[in-house]
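The values are calculated or read from the model by the stated rules, or taken from the named source; none is laboratory data. Everything numeric here is computed off the predicted structure, so don't read it as measured data. With ideal geometry, Cβ positions are generated from the backbone for all residues, glycine too; neighbour counts draw on all protein chains shown. Heavy atoms of the whole protein, side chains included, go into the accessibility calculation; ligands, DNA and RNA do not. Shrake-Rupley method; radii C 1.70, N 1.55, O 1.52, S 1.80 Å.
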Amino acid sequence: MRILVVGKGGREHALITSMKDSASETEIFSFPGSDAIAELATVVNVDGLESLIDWMSENKIDLCVAGEESYLVKGEGLANLCEKAGIPCWGPHKQSAQLEASKEFAKEFMFKHNIPTGAAAGCADIDEARAAINGVYPTVLKFDGLAAGKGVAVCADEASAEEFLNEVLVERKFGAGRLLVEECLIGPEVSVFAAVVDSEYQIFTPARDYKRALDGDGGPNTGGMGAVASRQLVDKALLDQIDREIVKPTVDGLVSDGLPYRGFIYFGLMITEAGPKIIEYNCRFGDPECQAVMPIVSGDMAAFCLEGAKGNLNEDLLSFSDGWSVCLVKASAGYPESSRSGDVISGLENVSNARVYHAGTRKNAEGNWETNGGRVLAVVAGGDDRMSAVEAAYTELAKVEFDGMQSRTDVGVFNF
Ligand code: AMP
Ligand code: GLY
């Protein structure tokens, strides 16, 4: 089976590792890939989406897997172009990926299908936004477009809201676009993933992302400083409720709105006093949650995605182990405001009983690994209970070092 995975980060390193561990015989290709991915897959050097599709056709690729989201909505859309070329694609069509690309589209979809979420209003300018906030704080302001993860502000008061509104709607820091004023939801967050094949779906082990830079959930938001995954994160009654009120209505809504979907879907949820509510959809696996989840999935991920992309959800191909998985990210100096590259990474060879997934690394001229971006790598370990997984992961993480490294010391430590 010849598989091409789109992406270059820790999530794709984890997905490709799972596919290589599959019983199916695989030959993996990756675009754009990374030096770490190149140890498992052949990195394809093409220029853009159209050339990638041509390359896949010429090279008889059996399956294209969308690790990251950007190509799903670029040009005509990765999945749309794959379909035209007759290549099965694990990842949704462009029109369906608007669930992630447009926050307003996603909100309208949730309202239409009665999926619990915070109240929200779309605004074109600062006067409309002020009217929508209507003096109620805290409030959540979201730029409705691509903003490299910086488009959301949870504002405690008028001063911070005014500052964000000015940046987004007056100075147009992220360019043209509307803004969503959203009700602030309170409660623990949880990430739920499902594999969707048309009208059917399979829910994976839930996870939690540690988004803030500092211990105790302090400091700025990041791409994720770690994650935990376990079936025990969400009890059965709550998972059933999430399924009934959120996952199923979403999948049914996709079908009734004529939005084709074969791929992973991510539900960013807040467990409020009034029950689970959705904060956001993503049309792919989460990062770093994928790194935490993949080691507890066994079975044939390659065949699962291929069959899914062809329209057959085969739940028997995967199984999920009990216990806990803890993923710890080491980030480079300056992250998240900036990032430093070129610091040599030592100790990787000493890591045992844990997986290491690379997100921002490269090989230097001497053939040694060095940093190449904000989130550098993740160490993932498992355990029968939460604290044994936490301890195993921190023991292994301590073996990996580079100048300026940063990590949280409390991932998985506090319960929520
Ligand atoms: P997003 O970029 O949509 O993932 O949002 C980033 C973070 O902002 C989320 O992980 C939440 O912690 C927070 N957030 C987003 N929407 C809300 C909301 N309606 N209420 C409270 N917090 C929110
Ligand atoms: N973990 C958050 C995300 O993947 O967007």
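What is the sum of charges, Lys and Arg at +1 and Asp and Glu at -1, for the other residues whose Cβ falls under 12 Å from the Cβ of P249?
-1
Based on alpha-carbon centroids, what's the gap between the range 95-126 and the range 68-92 in Å, whole number please?
Their Cα centres are 22 Å away from one another.
Might you work out the accessible area of E58 for me, using a 1.4 Å probe with all protein chains in place, and round it to the nearest 10 Å²?
E58 has an accessible surface of roughly 130 Å² with all protein chains in place.
GNM on the chain, C-alpha springs below 10 Å: top fluctuator among Q241, Q406, Q98?
Looking only at Q241, Q406, Q98, the biggest GNM fluctuation is shown by Q241.
What does the convex hull of the Cα atoms of the chain come to per residue, in Å³, rounded to a whole number?
140 Å³
Once you have all Cα-Cα distances for the range 373-416, histogram them in 5 Å bins from zero and send the whole-percent values.
5, 19, 31, 22, 14, 7, 2
Counting only protein heavy atoms, what percent of the accessible surface of the chain is carbon or sulfur at a 1.4 Å probe?
47 percent
Percentage of Cα-Cα pair distances in the range 317-416 greater than 19 Å, rounded to whole percent?
Value for the range 317-416: 44 percent of Cα pairs lie more than 19 Å apart.
N353 to S388: extension gain in nm, 0.36 nm per residue of separation minus the Cα-Cα distance?
Values: separation 35, 0.36 × 35 = 12.60 nm, distance 1.26 nm.
Result for the pair: 11.3 nm of gain on full extension.
Towards the positive end of the charge dipole of the chain, with charges on Cβ (+1 Lys, Arg; -1 Asp, Glu), say which of G187, G404, A129 has the farthest Cα.
The Cα lying farthest towards the positive end belongs to G404.
Students often forget the sequence filter, so: which lysines lie under 22 Å Cα-Cα from K103 once same-chain residues fewer than 8 apart are removed?
K74, K94, K112, K142, K150, K173, K211, K248, K277
Subtract the Cα-Cα distance of D217 and D125 from 0.36 nm times their separation in residues, and report this length gain in nm to one decimal. Walk me through the intermediate numbers first.
On the way: separation 92, 0.36 × 92 = 33.12 nm, distance 3.19 nm.
Difference between extended and current length: 29.9 nm.
Charges only on Cβ, +1 for Lys and Arg, -1 for Asp and Glu: so what's the dipole of the chain about the Cα centre, in debye to the nearest 20? Show your work: numbers first, answer last.
Details: 37 positive and 63 negative charges, 45 e Å.
Dipole about the Cα centre, nearest 20: 220 debye.
Determine which residues of the range 210-224 fall in the zone a paramagnetic label at F414 would reach in this model, i.e. backbone nitrogen under 15 Å from the point 7 Å along Cα→Cβ.
Backbone N within reach: 210-220.
For the range 286-368, with every protein chain kept in place, what is the accessible area per residue (1.4 Å probe, Å²)?
Working: 3260 Å² over 83 residues.
Accessible surface, normalised per residue, equals 39 Å².
At K173 and E280, where each label point lies 7 Å from the Cα along Cα→Cβ, what is the point-to-point distance in nanometres?
Computed distance between label sites K173 and E280 equals 1.5 nm.
Pulled fully out, how much extra length does the chain show between E58 and T42, if you take 0.36 nm times their separation in residues and subtract their Cα-Cα distance?
Taking E58 through T42 to full extension adds about 4.2 nm, to one decimal.
How much solvent-accessible surface does M301 expose, in Å² to the nearest 10, with a 1.4 Å probe and all protein chains in place?
The value for M301 is about 0 Å².
List the GluC sites (Glu not before Pro) within the range 247-348 that DSSP assigns to loop and that have no more than 15 neighbouring Cβ atoms inside 10 Å. Write down the numbers at each step before the final one.
On the way: sites: E273, E280, E289, E307, E315, E337; in loops: E273, E337.
Counting only loop positions with at most 15 other Cβ atoms within 10 Å, the GluC sites (Glu not before Pro) in the range 247-348 are E273, E337.
For a quick check, take a GNM of the chain with Cα springs below 10 Å and name the residue from G91, G77, G187 with the largest mean-square fluctuation.
Evaluated over the chain, the most mobile residue of the options is G187.
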